[in-house]
1. What FRET efficiency would be calculated for the residue pair D495, A124, taking the C-beta separation as r and a Förster radius of 60 Å, to the nearest 0.05?
2. Within the chain, what percent of beta bridges assigned by DSSP are antiparallel, to the nearest 5?
3. What residues qualify as long-range amide H neighbours of N138, i.e. H under 5 Å apart, gap of 5 or more or another chain, H built at 1.01 Å from N?
4. Step through the residues of segment 491-500 one at a time and calculate ³J(HN,Hα) from phi using the Karplus curve (6.51 cos²θ - 1.76 cosθ + 1.60, θ = phi - 60°), rounding each to whole Hz and writing x for Gly and Pro.
5. If we sort 371-379, 229-237 on the protection proxy, mean other Cβ atoms within 10 Å, highest first, what's the order?
6. Starting from the Cα of K551, draw a straight line to each of the aspartates and glutamates and keep only those under 20 Å, dropping any in the same chain fewer than 8 residues away.
7. Mind listing the phi-derived Karplus ³J(HN,Hα) values for segment 370-375, rounded to whole Hz, using 6.51, -1.76 and 1.60 with θ = phi - 60°, and x for any glycine or proline?
8. Using helices alone, I'd like the mean residue ellipticity at 222 nm for the chain: each DSSP H run of four-plus residues gives -39500 (n - 2.57), total over residue count, nearest 500.
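Only the coordinates and a few stated rules stand behind these numbers; no lab work does. The structure displayed is predicted, hence computed values, not measured ones. No Cβ is skipped: glycine too gets one built from the backbone with ideal geometry, and neighbour counts run over all protein chains shown.
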Amino acid sequence: MPEYGARRAAIDDLAEVFPADICRRLDAAGLPAHYVPAQWGGALDSHESLLSIWADLARRDLSAIVAHGKTYLGAAPVWLAGDPRQAVATAEAVLGGTPISWALSEPEHGADLLNNALTATAAADGYRLDGRKWPVNNATRAGLLTVLARTGTPGSGRGHSLFLVDKSTLRPDAWRNLPKVRTHGVRGIDISGIEFSGAVVRASDLIGDPGTGVETVLRTLQLTRPMCSALSLGAGEHGLRIATRFATERIIQQRPLIERPYPRSVLARCAGVLAAVEAVALVAARSIHCLTQEMSVVSAVAKAVAPTLIDPMLSELAEILGVRSYLTTEYAFGAFQKLNRDHRVVAIFDGSTPVNRSALIQQFPRLGRALTSGAADEEELRICASPGTPLPPLQRSALTLLSRPGCSLVQSLAGLPEAVTAANAPDDVIELARAFRMTASRLAASMAQVRPAALPSMAAYELAAAYELCFAAAACLQLWIHGADQYRDEPLWLDAAWLRVALRVLLHRVSAVLREPAPESATADGALDDGITMVLAEAVRTGGPITPFGKAWPPADSETAAGA
Ligand SMILES: Cc1cc2nc3c(=O)[nH]c(=O)nc-3n(C[C@H](O)[C@H](O)[C@H](O)COP(=O)(O)OP(=O)(O)OC[C@H]3O[C@@H](n4cnc5c(N)ncnc54)[C@H](O)[C@@H]3O)c2cc1C
């Protein structure tokens, strides 16, 4: 993938200019092929690979990848529910560099898909579209859009259908682009909309059967939501590199800032958060292939927990950077304030955090029972927790709206203390694994008491947040167990350093969410923080990875500078 620089990203952002040059270079480098399944001529055979590419790009510039990556989201419903002719045509368009947009939101209906108002009325020659989609990423630049339209009774699960709309086939006076909307972050990209007034699409543009639009959208989100965690991972890594570099360079009272215990503790804690988000992202992306039937749970958890962990982490890092977290052109071309603003949207689009928690709560009775049973498919979990190893092809028909087995990963907490003991984990890791097993067991009891309700209580949302943190802890533990031999000599893996700091920070969070007493600090915590901070500082200096499964980011010139 092409190298591009913080300076260029900052200039485009300040001028609110679309990152066209970067997107062109990503096209030329072949990124669109990663949005097309191999069976239709593309290179998408592993969502872990796509996650890795996106995270790599997101750490350089979130705007560019939000703009470019939209095509994957726009095309994905066709891969799931389109007919072979639609799939071939969409693949050709994507591979040819045509942006594809995904038009769900409406001015009066954001997440409320069942009440979307844009209508598709059956006509002699197809369907007539009337209404507006707004705000929509790439609505103006796109050549094709997948559009959710009402074809039946509002509020009903079968009241909407999905269409593949090719702008070039529409009568020019029957549609118009809506102006670009100015945004807090991702300022340069094309957030606009589209209005249809009697635009006629062909019956053959219907994706799937009439009335299956919402179901197709919900199944598609099971693929796209885990991918959004790449955006959080990239933003978090970029922020941590910038703050670490700053702490090593900034001299306070004649000594580098990083020598003080307070910033060291913050940096180490943030490294733990980032490791946990990487664990969630990796396991969720791999689960698409090996725990497909559980994706209704896994996708909602990953989409909610990744930005929920990264947003406050960026606030902590901003404190270290002081005024340089706030200036728009100083220190690394103002990259920190840009990524901090850009990242805010991750918790909003593709299903906000409350929307994902709400989806999780609907499955609580089954999840609570499954959590009590401790049932988990160990072999599938081993595959999910072995990054870089081959994955089975995605069985699209296995994506269902409710997960019968619950969530194997969270359920595996029941046996994880014994498993980490067998893997020779340090004593404090075994204790932390036990603490999470107890939390999960209490959680199961509380979840079982939540009655299905159209408007769930606040307590239910808190349980959902705690469940997400248990998922993150289980992901860390499983990845460590299955990776400990392979990565034994990597600096972050020595003495299970990343795992200890990640579990510690997750346990603090879950205690706060459940309003339980915070775990006591251990005497070893300070030494752990010091060790992690030294690894971070060295990695930022040499361009080494700063996460357990991360990639190098070589320090480069001032244009592309790592952490700059
Ligand atoms: C940069 C950017 C890119 C975007 N790209 C696209 C795109 O490509 N395609 C597209 O269709 N849209 C896109 N959107 C729109 C985005 O997805 C909307 O934010 C989303 O549709 C929600 O809309 P809303 O905020 O109006 O929320 P509403 O749904 O009106 O929600 C308002 C509030 O209610 C909460 N809420 C809603 N439903 C529930 C629920 N069931 N349970 C609990 N709380 C709930 C929400 O969390 C929020 O706090 C984009 C937006 C931005 C800013």
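1. Once the sixth-power term is evaluated, E becomes 0.25.
2. Working: 30 of 36 bridges.
Counting DSSP beta bridges with both partners in the chain, the antiparallel share is about 85 percent.
3. D190, I191, S192
4. Calculated HN-Hα couplings, in order: x, 6, 8, 4, 6, 6, 4, 5, 5, 5 Hz.
5. Details: 371-379: 16.3, 229-237: 29.0.
Top of the packing list down: 229-237, 371-379.
6. Cα-Cα hits under 20 Å: E3, E48, D56, D61, E237, E278, D485, D489, E490, E538, E559.
7. In residue order, the calculated couplings are 5, 5, 5, 6, x, 6 Hz.
8. Taken over the chain, the calculation gives -17500 deg cm²/dmol.
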